[in-house]
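Every number in this text was worked out from the coordinates using simple rules, so none of it is lab data. Source: prediction; values computed, not measured. Quick reminder, even Gly has a Cβ in these numbers, built from the backbone with ideal geometry, and neighbours come from all protein chains shown.
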Amino acid sequence: MTKQMSRFAFVLLAAATLAAPACSKKDGGTGGTASGAKATDDKPAGGAATKLAKLDNLTIEAGESQISDGMSANSVMLIGGDVGALTVEAAATPKSEADVKSDADSFSPKNYKVEKLADGYIATYDNTGSMGATFFVDGQRAIGGKTYHCSTAASKAEQQAAAIAACKSLKK
């Protein structure tokens with residue numbers, strides 16, 4: 001699968017996840033999401049840090065989000081109005097800024113910028129395509145000797161801003 005196809009699949013998954021009503025344990029569902037991933041009962045209050053047990057017990061502040069298994073064994077997806085659908089994963093190898101720019105170029109990015117962090121970077125851009133406006137975040141952080149990657153393709157600029165803040169909040 002090409003990088004562009006992978007990113008497009010992620011965008012479709014995020015859109016389907018946000019559009020489908022969530023099944024909660026309270027209403028007899030399994031707590032799953034539209035992707036079939038099993039969700040946990042972790043629902044952080046606005047601004048409260050939430051532990052990501054699957055990711056070395058890192059904490060993240062992602063507002064009102066539900067935490068589900070991600071698309072890979074070492075990832076989680078935070079789903080909620082604040083961040084849309086944000087994936088956080090332990091990366092086997094760091095992703096260079098040039099790789100991120102190359103991935104972005106396949107989407108004819110507008111407003112591409114990279115914010116340097118003390119332990120990584122966060123790249124952002126947007127575009128308008130067949131699915132309307134999309135606001136991308138592609139971040140990388142080195143925490144405790146490991147590399148973590150944050151990414152989303154949000155439908156609103158506010159979700160992009162919340163995803164940036166959440167990625168910056170990752171810590172041990």
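Step through the table entries K95/K168; K51/K101; K54/K172; K101/K168, compare each Cα-Cα distance with 22 Å, and write down the pairs that go over it. Don't jump to the answer; show the numbers that get you there.
Details: K95/K168 17 Å; K51/K101 30 Å; K54/K172 13 Å; K101/K168 20 Å.
Table pairs above 22 Å Cα-Cα are K51/K101.
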Exercise for review: Would you list which aspartates and glutamates come within 16 Å of K113, measuring only between C-alpha atoms, while excluding same-chain residues fewer than 8 positions from it?
Suggested key: E97, D99, D103, D105, D126, D138
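Applying a 10 Å radius around every beta-carbon, put 136-145, 160-169 in order of their mean neighbour count, most first.
On the way: 136-145: 19.3, 160-169: 21.5.
In descending order of packing, they fall as 160-169, 136-145.
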